[in-house]
Amino acid sequence: MQLAILFADVSGSTKLYETLGNTRAQTIISKALDVLSQAAGRHQGTIVKNIGDELMCTFPSAPLATEAAKDMQRSLKQAIAIGTIPYETLSIRTGFHFGQVIPQAGDVFGDAVNVAARVVAQAKKGQILTTKFTVDEMPDEMKSGLRFIDKAALKGKKEELELFEVLWEFENLTIVQNIFEDKPHEAKLTVTFGETTVELSHERPALHMGRGIENDFVIPEPLASRSHARIEFRRERFVLIDQSINGTYVSIVGEKEVVLRRDELVLQREGKISLGKSTMLQPELCVTFSLLGGGGLL
């Protein structure tokens, strides 16, 4: 039979035990797992087992698992906000996969279980990841709330799996807000790699970077993902979006270098972008950018 297998893992539980002690940490984790279990139940989920600080559950379909995963994240955040769970930085990472399983004595086994466990291991705190096969089982209207992350080699699988992120709270994406209310009307961003320069604006609102030949900038860096990062023109701002495994390094003039890991950042003034490693290690493979027009206020 086919089921969606979902794992929800409490992030940083080791540090939680070290900081709060065994008794208090265990109480907080138990409350968190209870919140997650209730969220799963609201979407026809069946709790298979708790494995320490991790919850494993099944769902009849990929859409139900998707809604449950989002409900888990939101319910945990709400429980923290109202004080039910007295630990502000507690978070979970979630991964799920839809496929063939073998039910046995209240447990489930099979390839789908193994894939789901490996998917959750790729997620960071506060993130929901799933696979291309699972996405294909979702209705079109649900797919608009997903974004492709990368192809990842998972242990025990011959082929790389395409990983997608389920966006559950758009306002939590790391976008640096403009402190000015006035929006530039003719902002442009020039982006250069090697001898190629592209100008982004209303007319051309996106640019893709990565190791794959389908990208606008094909960057021969072994640590770069095939579809590593992109720049989007959004609400008069140019947003760099990392969708890789190894991260995107950004050095803006006058500021300390930052690393994006499946996150977003508004590009300001001018600087360099490097895929998979620091901008200082391999400058010839850096992408440079310069913001023109009103956007310079950012």
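The values are calculated or read from the model by the stated rules, or taken from the named source; none is laboratory data. This one's a predicted model, so the numbers in the text were calculated from it and none came from an experiment. No Cβ is skipped: glycine too gets one built from the backbone with ideal geometry, and neighbour counts run over all protein chains shown.
Counting just the residues of the range 254-285 that are small (Gly, Ala, Ser) and over 16 Å from Gly210 (Cα atoms), which one comes out surrounded by the fewest Cβ atoms within 10 Å (Cβ to Cβ)?
Gly254
Within the range 232-246, the residues that satisfy the criterion of being closer than 15 Å to His208 by Cα and either in contact with a Lys or Arg (Cβ under 7 Å, 6 or more places away or on another chain) or among the polar types (S, T, N, Q) (or both) are Ile241, Asp242, Gln243, Ser244. For the range 24-47, the condition of being assigned to a strand (DSSP E or B) and surrounded by 22 or more Cβ atoms within 10 Å (Cβ to Cβ) holds for none of the residues. The test for being surrounded by 19 or more Cβ atoms within 10 Å (Cβ to Cβ), assigned by TED's automatic domain parsing to the domain that holds Gln282 and either modelled with pLDDT of 95 or more or of a type outside the set (A, V, I, L, M, F, W, C) (or both) holds for Gly210.
Only residues that are hydroxyl-bearing (Ser, Thr, Tyr) and surrounded by 23 or more Cβ atoms within 10 Å (Cβ to Cβ) were counted in the range 48-84, giving 2.
Taking the condition of a type in the set (Val, Ile, Thr), more than 29 Å from Val166 (Cα to Cα) and in contact with a strand residue (DSSP E or B) (Cβ under 6 Å, 6 or more places away or on another chain), does Val253 pass? Considered against the rule, which asks whether it is of a type in the set (Val, Ile, Thr), more than 29 Å from Val166 (Cα to Cα) and in contact with a strand residue (DSSP E or B) (Cβ under 6 Å, 6 or more places away or on another chain), Val253 comes out as yes. Would the range 216-229 turn up any residue that is crowded, with 21+ Cβ neighbours inside 10 Å, closer than 23 Å to Leu167 by Cα, basic (Lys, Arg) and out of contact with any Leu (no Cβ under 8 Å at 6 or more places or on another chain)? Scanning the range 216-229, I find no residue that is crowded, with 21+ Cβ neighbours inside 10 Å, closer than 23 Å to Leu167 by Cα, basic (Lys, Arg) and out of contact with any Leu (no Cβ under 8 Å at 6 or more places or on another chain), so the answer is no.
In the set Phe289, Phe238, which member is aromatic (Phe, Trp, Tyr), modelled with pLDDT of 95 or more, buried (at least 18 other Cβ atoms within 10 Å of the Cβ) and in a strand (DSSP E or B)? Write out each step before concluding.
Working: Phe238 fails: modelled with pLDDT of 95 or more.
Just a single option satisfies the conditions, and that option is Phe289.
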